[in-house]
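The values are calculated or read from the model by the stated rules, or taken from the named source; none is laboratory data. Only a predicted model underlies this, so the values are computations on that prediction, with no experimental measurement involved. Here the Cβ positions follow ideal geometry from the backbone for every residue, glycine too, while neighbour counts run over all protein chains shown. These area figures cover heavy atoms from the full protein model, side chains too; ligands, DNA and RNA do not enter into them. Shrake-Rupley method; radii C 1.70, N 1.55, O 1.52, S 1.80 Å.
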Amino acid sequence: WQARAWAFRRTHCGKGCGGAMYKIGIIGRRDAVQGFMALGFAVREADSVADAARELHTMAKSQEYGVIFITENFASELEEETAKYLPLPAIVSIPGGEGSTGFGMNNLRRAVERAVGADILFKDNSN
């Protein structure tokens, strides 16, 4: 039965479907990312934009990660760098320890507008 299951996965699933699971990573300052270890995230601490860029490159090139979260303070500085790694891993900006800068919401707004053709999420809210 196992041989049949693997044969089915190879013929009916795309790349990465055959039992392989992607990791979830997070990059940011220690105070913002340390708690994610308890959730099983691969945590990479960065004290500078250069550190964050290096960690992002290492994680993305490994092809082990499906999602990489990066705190807004670094994501805003690495916008061109993150665009290189599409479609996987999905790189998502999240608020850091200092709170939200609005960068992540603006990215979400632009993505929705590209996909749908209109601002359906934030029509009345100018975030």
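For ASP47, ASP119, give me the order by solvent-accessible area with a 1.4 Å probe, most accessible first, ignoring ligands, DNA and RNA. If you can, show how the numbers build up before the last one.
Values: ASP47 120, ASP119 40 Å².
My answer, sorted largest first, is ASP47, ASP119.
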Cβ-Cβ cut-off under 9 Å around ILE27, Lys and Arg +1, Asp and Glu -1: the net charge is -2
Determine ³J(HN,Hα), in whole Hz, for all residues of segment 94-100 in sequence, where each value follows from phi through the Karplus function 6.51 cos²θ - 1.76 cosθ + 1.60 and θ = phi - 60°; x replaces Gly and Pro. 10, x, x, x, 7, x, 7
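Compute for segment 59-108: radius of gyration divided by Kirkwood radius, i.e. Rg/Rh, restricted to C-alpha atoms, rounded to two decimals.
That ratio is 0.97, to two decimals.
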Please go through segment 36-127 and write out the chymotrypsin sites (Phe, Trp or Tyr not before Pro) that DSSP classes as loop and that have at most 16 other C-beta atoms within 10 Å. PHE122
Per-residue HN-Hα couplings for segment 34-45, Karplus 6.51 cos²θ - 1.76 cosθ + 1.60 at θ = phi - 60°, whole Hz, x for Gly and Pro? 4, x, 6, 4, 5, 8, x, 6, 7, 9, 10, 7
Need one number: nm distance between label points at LYS23 and ALA118, each 7 Å from Cα along Cα→Cβ, rounded to one decimal. 4.3
Only sites in a loop by DSSP and with at most 13 other Cβ atoms within 10 Å count here; which trypsin sites (Lys or Arg not before Pro) in segment 19-85 make the cut? LYS84
³J(HN,Hα), Karplus 6.51/-1.76/1.60, whole Hz, each residue of segment 55-63, x for Gly, Pro: 5, 4, 4, 4, 5, 5, 5, 5, 6
Under 5 Å between amide H atoms, partner at least 5 residues away or on a different chain: which partners does TYR65 have, H built in plane at 1.01 Å? LYS23
